[in-house]
Every structure is written in structure tokens, then in C-alpha cells.
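Take a look at the structure below.
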Amino acid sequence: MEDTSAASWPRDEQRVRWSKGDDARVKDKAELWAKRQCAPLMEPFAKCAKDKVVTIYKCSDLRDAYVNCLKDHVSETYMKMHKRESVTKRLAELQQAQALEKSTKR
């Protein structure tokens, strides 16, 4: 598991005061993104499962494909990508706010 103590964070993450709550929001965002990416796999599974009492065996390949897609898109690599995106956006907002503050002090 990755060390998330402040000492191990990159400087940008310290500047924007990244928290565990932010990590949770990034995870939620990544999960929603994964569901959108895997939606084309969900449709055939839903059609297969419709009106069937026992879908475990008849639709298992389709279900497994969807679940594996979700796992792939919520992997550590994608989580880091979403986190970096969020940190970059927040850092840009911070810099913009600082620039605006400087310009109003003149």
C-alpha cells in the first residue's frame, strides 16, 4: 500500500493541502469514469440477465467481462491519473487566486 503521509507527497500536493477526503472523491470520480468506459459491456449482460432467474451460469462470461473492465479502469494507474488531474486543477485554481489577490492589492 502506498504511503500517504505528508512527507511522502509531492510538493504540489502539499501546496494544495491534499487530504484523505480528496482521495475518496478521486476514487468516486474514477469509479464513475470506469462505469462510463465499461457501459458497452454492461448492455449485453443486462440483456442476457433480463427475465432469467439463474443468470450466474448463462451470463457469467458477460458479467466477468464487465467486472474485469471495471477493475482495469479503477486500477492504481488510473487512480494516479485522476489524482494528478485533480491536483493540477486545484493548483491552477490556487495560482489564479494568488494572482488575483496580488493584482487587487496594488
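The values are calculated or read from the model by the stated rules, or taken from the named source; none is laboratory data. All of these numbers come straight from a predicted model, not from anything done at the bench. Here the Cβ positions follow ideal geometry from the backbone for every residue, glycine too, while neighbour counts run over all protein chains shown. Heads up: the accessible areas ignore ligands, DNA and RNA and are worked out on the full protein's heavy atoms, side chains in. Shrake-Rupley method; radii C 1.70, N 1.55, O 1.52, S 1.80 Å.
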Quiz prompt | Residue tally, condition open to solvent by less than 40 Å² (accessible area, probe 1.4 Å), touching a residue at least 12 places away in the same chain (Cβ under 8 Å) and either acidic (Asp, Glu) or within 30 Å of LEU94 (Cα to Cα) (or both), over segment 16-42 | solution = 6
Exercise. May I ask you to verify whether ALA65 is in contact with a Cys (Cβ under 9 Å, 6 or more places away or on another chain), without any contact (Cβ under 8 Å) to a residue 40 or more places away in the chain and open to solvent by less than 60 Å² (accessible area, probe 1.4 Å)?
Key: yes
Practice problem: Assess whether THR55 counts as being open to solvent by less than 50 Å² (accessible area, probe 1.4 Å) and at pLDDT below 85. | Solution: yes
Quiz prompt | Single condition PHE45 does not satisfy, out of (1) closer than 30 Å to GLN14 by Cβ; (2) without any contact (Cβ under 8 Å) to a residue 24 or more places away in the chain; (3) touching a Phe, Trp or Tyr at 6+ places or on another chain (Cβ under 7 Å) | solution = (1)
Quiz item: Which of the residues belonging to segment 78-100 are over 10 Å from the mean Cα position of the chain (by Cα) and open to solvent by 100 Å² or more (accessible area, probe 1.4 Å)?
Solution: LYS89, GLN96, LEU100
Quiz prompt | Hits in segment 43-93 (condition: assigned to a helix (DSSP H, G or I) and among the acidic types (Asp, Glu)) | solution = GLU43, ASP61, ASP64, ASP72, GLU76, GLU85, GLU93
Self-check item: Within segment 14-42, tally of residues that are hydrophobic (A, V, I, L, M, F, W, C) and not in a helix (DSSP H, G or I)
Solution: 2
Quiz prompt | Answer residue from segment 41-51, given it is touching a helix residue (DSSP H, G or I) at 6+ places or on another chain (Cβ under 9 Å) and at pLDDT 90 or above and is farthest from GLU76 (Cα to Cα) among those | solution = PRO44
Self-check item: Unique match (being more than 19 Å from ASP22 (Cα to Cα) and without any contact (Cβ under 8 Å) to a residue 40 or more places away in the chain) among LYS58, LYS89
Solution: LYS58
